[in-house]
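Every read-out reported here was derived from the displayed coordinates using simple, explicitly stated rules and does not represent laboratory data. In this text the structure is predicted, and so the values were computed from the model without any measurement. Don't worry about glycine lacking a Cβ; one is built from the backbone with ideal geometry, like all the others, and counts go over all protein chains shown.
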Amino acid sequence: MKRLKVSNNVIRRLPRYLRKLDELNAEGVTRISSGELGKQLGLTPSQIRQDFSSFGDFGQQGYGYNVLALRKEIATILGMDRGMRAILIGVGNIGSALINNFEFSNCGFTLDCAFDVKPALVGTAVNGIPVHAVTDLKDYIASHQVDAAVLCVPKGIAVKMTEELESYGIQAIWNFTNVEITEPNSSMLVENMHFSDSLLALSYYISDRRDETAARQHRTGRE
């Protein structure tokens with residue numbers, strides 16, 4: 001598989017393709033054209049072909065894409081077949097919600113354990129995931145494969161915990177602290193998650209549509 005320098009926008013679209021292909025497979029669809037796939041995703045056929053061409057030639061002219069084959073290719077591109085392993089730090093509201101409700105395995109990750117400072121949680125298990133003391137974090141990372149840390153600690157200690165994780169050798173963080181963790185001189189990969197972002201974007205689009213409607217009605221009233 002070729003891997004050219006791929007833009008962030010293309011990478012962000014790959015999970016959308018994956019979800020759609022899973023839906024199509026569940027519906028019994030075995031093949032789909034770039035035109036039909038684009039119609040269902042709100043993208044142009046040329047955009048889809050261009051995205052896929054960054055990684056190889058997955059379709060056949062006159063046939064389109066084999067749904068299962070394309071799904072497998074995208075899963076491989078996303079690293080879902082590499083046996084990624086993760087740990088979670090901070091078993092509060094967000095942390096416990098992720099453990100109880102998020103299927104890490106659907107993204108190719110195994111969540112092995114969690115860490116917390118609360119004595120009442122240490123030594124217990126949440127949805128089958130053992131909870132260790134944060135003081136054991138350094139030794140655990142030194143003796144286990146940890147590809148990513150899911151960070152769910154309070155905002156006040158987010159940066160400090162990130163620095164500790166980097167010093168322990170962690171290179172990737174899925175950040176749910178609502179603190180934008182960025183360090184220009186660090187090689188660490190950080191995916192900052194902000195639950196409000198998509199709702200605020202929706203608020204913008206609602207406001208924009210209402211403003212357009214009001215402006216149109218105003219113009220009509222003046223005519």
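Numbers at a glance
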read-out	value
Gain on full stretching of the segment that runs from Glu212 to Lys138 - 0.36 nm per residue minus C-alpha separation	21.1 nm
Proximal lysines relative to Lys138, as straight alpha-carbon distance under 20 Å, when same-chain residues fewer than 8 apart are discounted	Lys118, Lys160
12 Å beta-carbon shell around Ser7, net charge (K/R +1, D/E -1)	+2
The chain, dipole about Cα centre (Lys/Arg Cβ +1, Asp/Glu Cβ -1), debye to the nearest 20	800
HN-Hα J in Hz across the stretch 17-28 - Karplus 6.51, -1.76, 1.60, θ = phi - 60°, x for Gly and Pro	4, 4, 4, 5, 5, 5, 5, 4, 4, 5, 8, x
Efficiency of FRET from Cβ geometry, Ser105 and Asn178, R₀ 25 Å, rounded to 0.05	0.45
Nearest-ten-degree value, helix 196-222 long axis tilted from longest Cα axis of the chain	30
Read-out Cα extents along the principal axes in Å, derived from the coordinates shown; its label in (1) 53, 34, 33; (2) 67, 53, 37; (3) 72, 32, 31	(2)
Separation of the Ala26 and Leu41 label points, Cα + 7 Å toward Cβ, nm	1.8
Sequence-distant residues sharing a close amide H with Ile181 (under 5 Å, placed H)	none
Qualifying lysines (Cα of each under 22 Å from Cα of Lys5; at least 8 residues distant if same chain)	Lys72
The chain, helix-only ellipticity at 222 nm - DSSP H runs n ≥ 4, -39,500 (n - 2.57), divided by all residues, nearest 500	-14000 deg cm²/dmol
Label-point separation, Tyr204 to Lys160 (7 Å along Cα→Cβ), nm	3.5
Extended-chain gain in nm, criterion 0.36 nm per residue less alpha-carbon gap, Phe195 and Arg19	61.4 nm
Extension gain, Tyr63 back to Ser186 (0.36 nm per residue minus Cα-Cα distance, nm)	39.7 nm
